[in-house]
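Undergrad: Below you'll find the structure I mean.
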Amino acid sequence: MDVRSLFARGSDTPSAAPGLLRKAVTLLAVVALLWWLWPLRTVPTGHRGVITVGGAIKGIENEGFTLIWPWQSLSIFNIRAEEATVENAEGSTSDTQPVKVSLTVRYSIQTDKVAEVFEKYSRDGDLQSYVQTATQEVFKAVTARYNAPDLIAKRAAVSGDIVTALRAKLAIYGAQVINVDMRNFSFSQDYMSAINQKVTQEQLRLAAENKVRTVEAEQKQKVAIAEAEATALKAKADGEAYAALKAATAQAEALKIQNAALAQSREVLELRRIEVEKIKAERWNGELPQNIYAGAPVPFLNLNHEGAAKAGKN
């Protein structure tokens, strides 16, 4: 039998088309019912699931799969870190100087405050408007405690005060502050010009003081060099004088020794002469020489005046 003929016969049957339509509608209704009644839902990472019945909170579900009955509703609540930016927040210092700054606050919802935040402030964990308002209020309160110079010089302390005050403020809304970044910290144009002039004058003053200290150091160095040179010259002179004294002393000692040696030598020579004369006397036979030449010595004959006088007396 031809298949096409069977289909052709089937299509000629009046009740075939309404039956197929009813089956398709029934299938869709079943799928829709299962979709509506399907109890398994998913809570993404970094979120919490808030289960409500008729608008009332019935439970908080953690990340992962959870069963939700048809009469319950599941709201996905964000607890990941979020940020709120405040551009050109305005404040005033204790000495009435206007100041502006841009701040970025990173925060997250405390996990034990999800139900409270969901009920009072946000259905999805977005507290940006609350954070911005609180940040502006805190900035004004903190800057009012500092004068303008301290606000510049103690910026780290100012930032710490802002974080501390903002944490206390946002804790009311169930949020915790992760960190706060300050940007574009500025005063009025007139005050900034005055600060620049003051900084310039301070730099000039420091440069002048450094120059004075440099000159003083150079003078001290010159004095030290002169004193060192004078000390060296004095030491040299003392050394030369000491050397001269030692040389003179040594020379005197040498002369003394030499004189003593010479004196001793004369005595020795005199003794030698006496011994020679004695030997000559012992060998003389008593006869005088018959011929006396000029310049020839005559034994035992002293012809000077004292000797002649002594000979005449005798």
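The values are calculated or read from the model by the stated rules, or taken from the named source; none is laboratory data. This is a predicted model, so every value here is computed, not measured. FYI the Cβ positions are ideal-geometry reconstructions off the backbone, even for glycines, and counts take in every protein chain you see.
Undergrad: Could you check how many residues of the range 165-185 are surrounded by 14 or more Cβ atoms within 10 Å (Cβ to Cβ) and either among the hydroxyl-bearing types (Ser, Thr, Tyr) or more than 31 Å from the chain's Cα centre (by Cα) (or both)?
TA: Count: 8.
Undergrad: Is it fair to say Ala81 is loosely packed, with under 14 Cβ neighbours inside 10 Å, of a type in the set (Gly, Ala, Ser) and touching a residue at least 60 places away in the same chain (Cβ under 8 Å)?
TA: yes
Undergrad: Tell me yes or no: at least one residue of the range 147-156 is exposed (fewer than 10 other Cβ atoms within 10 Å of the Cβ), over 21 Å from Pro98 (Cβ atoms) and not hydroxyl-bearing (Ser, Thr, Tyr).
TA: yes
Undergrad: Quick check, is Ser186 in a strand (DSSP E or B), among the small types (Gly, Ala, Ser) and at pLDDT below 90?
TA: yes
Undergrad: I would also like to ask the following. How many residues does the range 109-121 contain that are surrounded by fewer than 18 Cβ atoms within 10 Å (Cβ to Cβ), farther than 9 Å from Tyr173 by Cα and either touching a residue at least 24 places away in the same chain (Cβ under 8 Å) or in contact with a Gly (Cβ under 7 Å, 6 or more places away or on another chain) (or both)?
TA: Here the count works out to 4.
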